[in-house]
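The values are calculated or read from the model by the stated rules, or taken from the named source; none is laboratory data. Since we're looking at a predicted model, the values are computed, not measured. Neighbour counts are summed over all protein chains in view; Cβ atoms, including those assigned to glycine, are modelled from backbone coordinates with ideal geometry. Accessible surface is based on the protein model in full, side chains and every heavy atom, while ligands, DNA and RNA are left aside. Shrake-Rupley method; radii C 1.70, N 1.55, O 1.52, S 1.80 Å.
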Amino acid sequence: MRKSIPVLAVLVFLQFSCQEKVQDETKAEGNNDVVQTKEEPTKPEETEVYEPVPPKVTLNASGVPSDAIVLFDGSSFDEWTSSVDSTAVQWYLNDDGSMTVKDKSGNIQTKRNFGSIQLHLEWKSPKEILRDGQNRANSGVFIQQRYEVQILDNNDNPTYTNGQVGAVYKQSVPLAMASVPTGEWNAYDIIFHAPEFEGEALSKPAFVTVLHNGVLVQDHFEIEGTIKFIGWPKYEAHGKAPLQLQDHGDNSRVSYRNIWVREL
Ligand code: MG
């Protein structure tokens, strides 16, 4: 009996000590991996983590990541359908691995639905200049069928700036105009975080970041709702949804190639 008293005391002390340590531990703000304690680390190893291990991603000859879903590589419209009536895509499939909008055939969209994504696509305006303003090579990427990143030939072609190339249409003016000369290929790299809803109510808005030819043009912009041609944007509850490419209906002749997506 005498011997058990010190043992019990030690156990009580250890339990108390452990509880106190747990209470002292706080997560470092903005870092989910390293647990900060109130005591300042004295060794470099104390702030090093080894898990999780990021998955290895390699690039193929076209620069497509190994974990990407290829939506268009020039060979077919297999991943796409008409937004008008869900029939086969009527756009032109070109010999150079691109596709071109067929006037008044309507938007096209992916057969798959997407939530948060990293999207890469390349686009070009026709070399021949046909019209001005919003009617010069207007197309666009409608993420989740609702949130448009504008495509337009803005070279020597001013228009309202929240509707110019790289804009989140009628919501966000791009930070720069980074187009290459008319008729050459542009690249968009888009990081999109899908909105979240609780029932019909928005619980978290969507955010979008856009690089135009490697230049940051939208920096984690908080999307205000479904884009509107006339009216203020508003959110409507939805789940995962297709990506759409726009036929503006005025012989835009915009071409696309090398489209891939990584789900986030
Ligand atoms: Mg457009």
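Is there a residue in segment 149-167 that is at pLDDT 95 or above, within 13 Å of the ligand (Cβ to nearest atom), surrounded by fewer than 18 Cβ atoms within 10 Å (Cβ to Cβ) and among the polar types (S, T, N, Q)?
The answer is yes; a qualifying residue exists.
Which residue out of 115, 106 is away from the ligand (no atom under 15 Å from the Cβ), small (Gly, Ala, Ser) and under 24 Å from the mean Cα position of the chain (by Cα)?
Just one listed residue meets the conditions, 115.
Looking at segment 223-256 only, could you name the residues that are surrounded by fewer than 20 Cβ atoms within 10 Å (Cβ to Cβ) and assigned to a strand (DSSP E or B)?
Passing the criteria: 226, 234, 241.
Among the residues of segment 180-222, write down those that are assigned to a loop (DSSP other than H, G, I, E, B), open to solvent by 10 Å² or more (accessible area, probe 1.4 Å) and not polar (S, T, N, Q).
180, 181, 183, 184, 185, 194, 195, 199, 200, 205, 214
Could you list, in sequence order, the residues of segment 94-114 that are in contact with a strand residue (DSSP E or B) (Cβ under 8 Å, 6 or more places away or on another chain) and of a type in the set (Lys, Arg)?
Within segment 94-114, 102, 111, 112 meet the criteria.
Going through segment 93-137 one residue at a time, which ones are open to solvent by less than 40 Å² (accessible area, probe 1.4 Å) and either among the basic types (Lys, Arg) or touching a helix residue (DSSP H, G or I) at 6+ places or on another chain (Cβ under 8 Å) (or both)?
Correct list: 134, 136.
Let me confirm something: among 75, 83, 66, 62, which residue is open to solvent by 30 Å² or more (accessible area, probe 1.4 Å) and within 16 Å of the ligand (Cβ to nearest atom)?
None of the others qualify; the one that does is 83.
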